[in-house]
1. Checking V177 against (1) free of Cβ contacts under 8 Å to residues at least 60 places away in the same chain; (2) within 19 Å of the chain's Cα centre (by Cα): exactly one of these is not met. Which one?
2. Any idea how many residues of the range 94-151 are touching a strand residue (DSSP E or B) at 6+ places or on another chain (Cβ under 9 Å) and assigned to a loop (DSSP other than H, G, I, E, B)?
3. Hey, does the range 139-151 have a residue that's in contact (Cβ under 8 Å) with a residue 12 or more places away in the chain, under 14 Å from F201 (Cβ atoms) and of a type in the set (D, E)?
4. Residues of the range 30-53 being crowded, with 19+ Cβ neighbours inside 10 Å, in a helix (DSSP H, G or I) and among the aliphatic types (A, V, I, L, M), which ones?
5. Looking at (1) within 23 Å of Q257 (Cβ to Cβ); (2) of a type outside the set (A, V, I, L, M, F, W, C); (3) under 13 Å from the mean Cα position of the chain (by Cα), find the lone condition where T73 falls short.
6. When the range 80-93 is examined, which residues are found to be in a helix (DSSP H, G or I) and either in contact with a helix residue (DSSP H, G or I) (Cβ under 6 Å, 6 or more places away or on another chain) or outside the structural domain of G10 (by TED's automatic domain parsing) (or both)?
7. Restricting attention to the range 24-50, which residues are over 19 Å from G10 (Cβ atoms) and hydroxyl-bearing (S, T, Y)?
8. Every residue in the range 6-29 that is assigned to a helix (DSSP H, G or I) and closer than 21 Å to V144 by Cα, please.
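The values are calculated or read from the model by the stated rules, or taken from the named source; none is laboratory data. In this text the structure is predicted, and so the values were computed from the model without any measurement. Note that we place each Cβ from the backbone using ideal geometry, even for glycine, and neighbour counts take in every protein chain shown.
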Amino acid sequence: MIGFFDSGVGGLAIFNQAQQLLPRENFIYLADQLNCPYGEKTAQQIQQFSLRAVDFLVQKGCRLIVVACNTATTQALELLRRQFPKTFFVGIVPVVKPASRQSKTGHLVILSTQVTQKSQALKELITRHAGNKTVYNLSGSGLVELIEQGLIQGPKITKKLITCLQPALQDQQVDIVAAGCTHYIFLASEIVKLFTNKVKFIEPSQAVVQQLKKLLKENKLGSNKIMTAKTFFFTTGNVAKFSQVASQLLKTKIMAQKA
């Protein structure tokens, strides 16, 4: 059983790709909407929320868990590994390295939550992989709340994106925008449209799925041998609202349960 948890619907973008590429695995997705957004909480709060989420998934039989939240990864991943030593974890980190490598102009944007943007982990990644480049380390504060309502395009999204990306929008040499929050994956097309020059949007889905496949192959973590796999969705928030928004984002009928 593979577990995913995020503060809300953001991790569904990566979850969806994992499910498509690993069709014979059983999955559980947990959205901690009661405490969403993580990106504007304290480190201590994020760690507490993450511990509870992982404990829930472990109790459900998950031995491999994807921390499908950049903020939780930067603030709680090492703690989770210490507290749950028998569980295998895959974290989500801002894709600074591939963004830096793929930028031809040396001008790139990392768009993250407020906590991730200010984190030492992200600053170290930028220094290590893009220290000689022009990096706009920007916060998408307020975007998660809109996405949780099911808004991924329209005037509200456009207005908020322009505000968040303003410094970078004036730089015509920017050619890469990297997602530092899984929620923002759903805004890829809207983000790209705001730049007058051609930019490429980079997010971590493929890298995460490859890590999952590698762990499953090397450790044989209960790979499902039954042809029909099962998927379960849970939320700590409003079940009906999560089911509605998740169904809209993934373009399939989703029925969640209360965590």
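1. (1) is the only condition that V177 fails.
2. Number satisfying all stated conditions: 10.
3. No, that holds for no residue.
4. Those that are crowded, with 19+ Cβ neighbours inside 10 Å, in a helix (DSSP H, G or I) and among the aliphatic types (A, V, I, L, M): I46, A53.
5. Going through the list (1) within 23 Å of Q257 (Cβ to Cβ); (2) of a type outside the set (A, V, I, L, M, F, W, C); (3) under 13 Å from the mean Cα position of the chain (by Cα), T73 breaks only (1).
6. Within the range 80-93, the subset in a helix (DSSP H, G or I) is 80-83.
Of everything in the range 80-93, just one residue is in a helix (DSSP H, G or I) and either in contact with a helix residue (DSSP H, G or I) (Cβ under 6 Å, 6 or more places away or on another chain) or outside the structural domain of G10 (by TED's automatic domain parsing) (or both), namely L80.
7. Across the range 24-50, the qualifying residue is only T42.
8. Within the range 6-29, the first condition is being assigned to a helix (DSSP H, G or I), and the residues that meet it are 12-21.
Once the filter is applied, which keeps residues that are assigned to a helix (DSSP H, G or I) and closer than 21 Å to V144 by Cα, the range 6-29 yields L12, A13, I14, F15, N16, Q17.
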